[in-house]
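Worksheet: one structure, shown below.
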Amino acid sequence: MTVAHTPLLKRVTVYCGSAASVDARFKDAAFDMGQELARHKLNLIYEGGDVGLMKSLSDGCLAAHGHVTG
């Protein structure tokens, strides 16, 4: 008998800074986090900002072929 594994967590909602002026280390960390979410097949739900950490986060997720809503 095979038991199908269903992940308990499918989506992650993230709220973070959306200021244009952000330290590059934080932008890099947000991008990496987005990639990790995609690698773990977690959908990202965020407020849709197109600047700062929010953009880096979604760009990272999309770069790793993840799913982004926002």
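If you filter region 18-49 down to residues that are more than 24 Å from Leu8 (Cα to Cα) and among the small types (Gly, Ala, Ser), you find that the one that is least open to solvent (accessible area, probe 1.4 Å) is Gly49.
From the list Gly52, Gly70, exactly one residue is crowded, with 17+ Cβ neighbours inside 10 Å and on the phi > 0 side of the Ramachandran plot. Which is it? Selected residue: Gly52, the only one of Gly52, Gly70 that is crowded, with 17+ Cβ neighbours inside 10 Å and on the phi > 0 side of the Ramachandran plot. Only a single criterion out of (1) assigned to a loop (DSSP other than H, G, I, E, B); (2) more than 13 Å from the chain's Cα centre (by Cα); (3) free of Cβ contacts under 8 Å to residues at least 24 places away in the same chain is not satisfied by Gly48, namely (2). Take the residues in region 8-17 that are exposed (fewer than 11 other Cβ atoms within 10 Å of the Cβ) and within 19 Å of His65 (Cα to Cα), then tell me which one is modelled with the highest pLDDT. Step by step, filter region 8-17, then rank; the result is Lys10.
The values are calculated or read from the model by the stated rules, or taken from the named source; none is laboratory data. Model, not experiment: these values are computed from the prediction. Counting neighbours? That spans all protein chains shown, and the Cβs are built from the backbone with ideal geometry, glycine included. All accessible areas refer to the heavy atoms of the entire protein, side chains included, with ligands and DNA or RNA removed. Shrake-Rupley method; radii C 1.70, N 1.55, O 1.52, S 1.80 Å.
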